[in-house]
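A short worksheet on the structure shown next.
Taken together, the values in this text are just the output of simple stated rules run on the coordinates, not laboratory data. Because the structure is predicted, anything quoted here is derived from the model rather than measured. Cβ atoms come from the backbone with ideal geometry, glycine included; neighbour counts cover every protein chain shown.
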Amino acid sequence: MPKFIQRKVQSKVMADANVLKEFLGEVKTEIDAYILDFLPSEHARDEVQCLYEMMRDYPQRSGKRLRPALCLLICEAFGGDPKVAFNTAAALEVLQNWLLIHDDIEDGSDLRRGEPCLNQKYGIPLALNAGDALHCRMWEMLHRNAEILGHEVAFQVLAEFTCLSNQVVEGQHIELSWVDNNRWNLTEDDYWTMCVQKTAWYTSIAPCRLGAITAGAAKTDVDHFIEIGKNLGVAFQIQDDVLNLIGEESQYGKEIAGDISEGKRTLVLIHLFNSCAHDEADRVVEIMAKNRSRKSLADINEVLSLMDKYQSIAYAQKRAKALVEEACAQFAQRFAHIPDNRAKNLFIPLVKFAVERDY
């Protein structure tokens, strides 16, 4: 189990970004080891051996492991033993990996966590099948909870995974439909709805709820994480959209301005459409609607220049900051009845770090 579970550190020190990075690093080390120990590694047939290697690819890459970290923290904050939440936290990371494999295929992405996407390395059919294989292993991992948590709580955890899976695929369908229908007349409410379903449910809502459920928290407390998690998840997605435009590729791990190449509808883009002149909006649509292979570097720079002109990136950053501040205020208010402990005091610095991150 992670050393952080036993470590006693003052909350003031824990708020330091370097300590938070160390905390996430420890979670990553332990979660990754647990997942790789769980996933199959050897098979007599070369074809299946290749599948096993593909399944283990994304789990061995860099990443923040934010979702399992949130699950473990909330379990401990509510007085639970993080050891009993560990299998559930690991299953969240397995879910993240199969979703990313499918997402990279659907978006036609080139890089994931600083390396070629699985579909770029092996082709779409094999990558798609590897994602399906990880999806199956996720449910197998969750089956372990019957012994760890007891059947009643294990079924509650399964229900949460079912709910979040349905939310994610619906949110993904919304975004893919915008691309398929070449739709650009979107509002911030449209973006909010898509992000809540596609990102917030599996990034923050479900991890926090799962941590509370494994700790035996009251249903009212578990349900408070829906609104808190919505704000956190959308803020996280906005920051991810911003980093896609201004981040360092070596740190960010994906191609910079890939969202423009892929024609993604982001809050930054929606703000640009709402701010620029009609002829500029028409030009942005003309560029964004092009197939990825037909977009030139000049096209991408033209869109970036307009985003800078109308301060669309700064607007998105401001919205993300406001959302995370609202989530933190909700957390403090809703859970004032929970005694202060190390995990509770770490939650707010951790989520602020996650949204204000530069990678």
**Q.** FRET efficiency, ASP189 to SER296 (Cβ-Cβ, R0 30 Å, nearest 0.05)
**A.** 0.35
Q.
Averaging over every viewing direction, what projected area does the convex hull of the Cα atoms of the chain cover, in nm²?
A. 17.7
Q: Rank the residues THR203, THR220, THR266 as a footprinting-exposure proxy: fewest other Cβ atoms within 10 Å of their Cβ go first.
A: THR220, THR266, THR203
Q: List, in the order given, every pair from LYS28/LYS121; LYS28/LYS230; LYS198/LYS230; LYS264/LYS290; LYS198/LYS264; LYS318/LYS352 whose Cα-Cα distance in the structure shown is over 18 Å.
A: LYS28/LYS121; LYS28/LYS230
Q. What is the helix-to-structure angle for 46-55, meaning the angle in degrees between its Cα long axis and the longest Cα principal axis of the chain, kept from 0 to 90 and rounded to the nearest 10?
A. 90
Q. Say each of HIS278 and ALA329 gets a label point 7 Å from the Cα, pointing the same way as Cα to Cβ; how far apart are those two points in nm?
A. 3.9
Q. Can you work out ³J(HN,Hα) from phi for every residue in region 329-336, in order, using Karplus 6.51 cos²θ - 1.76 cosθ + 1.60 and θ = phi - 60°, giving whole Hz and x for Gly and Pro?
A. 5, 4, 4, 4, 6, 5, 10, 5
Q) Per q in 0.10, 0.15, 0.16, 0.17 1/Å, what log10 I(q)/I(0) does a Debye calculation on the alpha-carbon atoms of region 106-212 return? A) -0.40, -0.85, -0.94, -1.02
Q: Starting from 0 in steps of 5 Å, tell me what percent of the Cα-Cα pairs of region 196-296 lands in each bin.
A: 2, 12, 16, 15, 16, 12, 9, 8, 5, 3, 1, 0
Q: Could you grab the relative contact order for region 13-356? Cα pairs under 8 Å, six or more apart, rounded to a whole percent.
A: 20
Q. If you take the beta carbon distance between ALA289 and ILE338 as r and set R0 to 56 Å, what does 1/(1 + (r/R0)^6) give as a FRET efficiency, to the nearest 0.05?
A. 0.70
